[in-house]
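The structure appears below as C-alpha cells.
The values are calculated or read from the model by the stated rules, or taken from the named source; none is laboratory data. Predicted model only: the values in this text are computed from it and were never measured. All Cβ positions, even for glycine, are placed from backbone atoms using ideal geometry, and neighbour counts span all protein chains on display.
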Amino acid sequence: MPHLLLVDDDEDILSLLTVFFRKHGHEVSTAPNGASMFETIGKKTIDLVILDVMLQGEDGFSLCQRLRATSRIPIIMLTAMADYTDRVVGLEIGADDYLTKPFDQRELLARVKAVLRRTGETSTPLTSKDTRPTIHFAGWRLDAARRELRSADGALVLLSSGEFDLLLAFVEHPQRILTRDMLLDLARGPTHEAFDRSIDVQVSRLRQKLEEDPKNPSIIRTVRSEGYIFTQPVTRR
C-alpha cells in the first residue's frame with residue numbers, strides 16, 4: 001500500500017484528498033507545514049509527497065528544495081497559480097510533477113500512479129536475484145535496479161525520479177539524436193502531458209550534476225533545432 005504525505009495548510013483539501021486516496025488503496029499522512037512534513041518523514045516511510053506551493057510560513061518551493069537535497073522521495077507540487085515560470089521553477093528545484101489548482105482528483109491519482117510506477121518506490125525490495133545491469137559511462141555508474149547514480153569515487157549523487165528516468169532514457173539510446181518529444185515518451189510515457197521546456201529544465205539539472213563544465217557540456221550535447229544527444233559510449237555489467 002503506497003504511503004502518501006499530503007502537505008497543505010487547507011484543512012478542507014487535506015480532508016477531501018485523504019478520503020479520496022484511502023478509498024483508492026493508499027495509506028495517507030498529512031502535514032500543515034514544513035516542520036510537520038519533515039517530522040513525519042523522519043518517523044515514517046513515505047513513498048510520495050504531494051506538496052502545496054502556497055503554504056503559510058516556508059513555502060513549497062523552499063521545502064521541495066530542502067527535501068530534494070537529502071532525499072529521493074518523489075514530489076508532486078500543487079499550486080493555485082497557473083504561471084508558466086512557477087512550473088519551471090518547480091521542476092528546476094527537483095519536483096517530479098506539477099499540477100495546477102483546481103484539479104480533478106482522478107487526474108492527481110493518475111499522476112501519483114505514474115510517478116510511483118516510474119520510481120519503483122513501492123515495488124518489492126531488491127534481492128540478490130535482481131539481475132538488471134549496472135550501466136557505466138564516462139566514469140559514472142548508474143544502477144538501474146536501485147535507481148542510484150554514483151561518481152567515479154563511489155559518491156552517491158541524488159537525482160529526482162524525473163532526472164533518473166531522463167538519464168536512463170539517454171543511456172539506453174546513446175550516441176543517437178533524441179527529440180524532446182522522444183525523450184518525453186521514453187522518460188514519462190506517451191500519455192504524459194508536459195509543457196514547453198520541461199525536458200530542457202531536466203537536461204539542465206542533469207548537466208549540473210554530470211558535466212565538469214555544464215555551460216560547455218560534453219556528455220549531453222544540444223543538437224540545434226533537433227534535440228539532444230548522449231555522446232558517451234555505454235557499457236553494461
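For segment 223-231, check the following and say yes or no: at least one residue is closer than 17 Å to Val157 by Cβ and at pLDDT 90 or above. Yes, there is a match, as at least one residue in segment 223-231 is closer than 17 Å to Val157 by Cβ and at pLDDT 90 or above. Looking at segment 19-51, which of its residues are part of a loop (DSSP other than H, G, I, E, B) and within 9 Å of Val7 (Cβ to Cβ)? Selection gives Pro32, Asn33. Kindly establish whether Leu16 is touching a helix residue (DSSP H, G or I) at 6+ places or on another chain (Cβ under 6 Å), modelled with pLDDT of 90 or more and part of a helix (DSSP H, G or I). It is false that Leu16 is touching a helix residue (DSSP H, G or I) at 6+ places or on another chain (Cβ under 6 Å), modelled with pLDDT of 90 or more and part of a helix (DSSP H, G or I).
With the structure loaded, tell me whether Leu55 is in contact (Cβ under 8 Å) with a residue 40 or more places away in the chain and under 16 Å from the mean Cα position of the chain (by Cα) or whether it fails that test.
no
Just one of the listed residues (Leu186, Leu210) is aliphatic (A, V, I, L, M), closer than 23 Å to Ala95 by Cα and modelled with pLDDT of 85 or more, and it is Leu210.
I want to confirm something. Restricting to segment 104-146 and keeping residues that are at pLDDT 85 or above and assigned to a loop (DSSP other than H, G, I, E, B), which single residue is nearest to the chain's Cα centre (by Cα)? Of everything passing the filter in segment 104-146, Asp104 is nearest to the chain's Cα centre (by Cα).
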